[in-house]
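A short reminder: the numbers here are calculations on the coordinates, not readings from a lab. Given the structure is predicted, the values throughout are model-derived calculations rather than measurements. Glycine gets a Cβ as well: all are built from the backbone with ideal geometry, and neighbour counts include every protein chain shown.
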Amino acid sequence: MKHLPRVLVVEDEPAIAELIAVNLRHGGFEVVLAQDSVTAQRELDAVLPDVILLDWMLPGQSGISLARQWRKHSRTKVIPILMLTARGDEPDKVAGLDAGADDYVTKPFSTQELLARIRAVLRRRTPESASDTVTVGQLVLDAATHRISYRQQNLKLGPTEFKLLHYLMKHAERVHSRSALLDKVWGDHVFIEERTVDVHVKRLREALGEAGAMVETVRGAGYRLTAQVVLSTGATHKTGTAQSQA
């Protein structure tokens, strides 16, 4: 039997939850419904979904709090999360992304747009290439095993940050505009704002730790990954050259 992508819908309004469920099932998804944080956690403990559709306003623990909690847990940190909410202002969107959401859907929403966004985050779980190793300085990414290491220490990245890093490493030393990154990494930029790139770059740098300095902001242009790291002394240290093996 063909595996249907499993979506955990955490929504406390029954009418909205049922509307989402009907459209998702029609779109080829398996749907699990939860009306609050306790039920949602119980469903997660039982079976991990492929994606989580999370309402911001929930009874008890909020969606923002849940997203932060799940991002900190090793078992759930890589599950794509779409935040669903009536809060459409930019500060609220940024707060949702900062909490760990991969995307943001504002009510009222088109069911076709919702389906497109869910498919998009599922696509982003798959690296640009499934069988190559890329090395930039002492930063190594193995797409086949989905592993990243810096100075032989393993690092953990979420699915979007992994794909963003993979693309930057494959095109090291080049400057990429936000719109170009949306096109190449997200592939569905018609639905996503450029601010999203900034949030994920911030999360990428944090996950990389010391290696986060390799992701440079080029004012007025965008971002680049470089093997040239500027040390706190002001000296420039070359960490190595970029290599790619198919």
With a point put 7 Å past each Cα toward its Cβ, work out how far Glu173 is from Ala144 in nm, to one decimal.
2.7 nm
Enumerate the amide H contacts of Leu155 below 5 Å, restricted to partners 5 or more residues apart or on another chain; note that Pro and chain-start residues carry no placed amide H.
Ile148, Ser149, Tyr150
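In what sequence do Met57, Met214 fall when counting other Cβ within 10 Å, fewest first?
Values: Met57 14, Met214 24.
Least to most surrounded, the residues fall as Met57, Met214.
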When each of Lys163/Lys184; Lys156/Lys202; Lys93/Lys184; Lys93/Lys163; Lys93/Lys202 is checked by Cα-Cα distance, pairs over 19 Å
Lys93/Lys184; Lys93/Lys163
Ranked Asp183, Asp36, criterion: other C-beta atoms within 10 Å, fewest first:
Asp183, Asp36
Take Lys163, Lys156, Lys184 and order them by how many other Cβ atoms sit within 10 Å, fewest up front.
Lys156, Lys184, Lys163
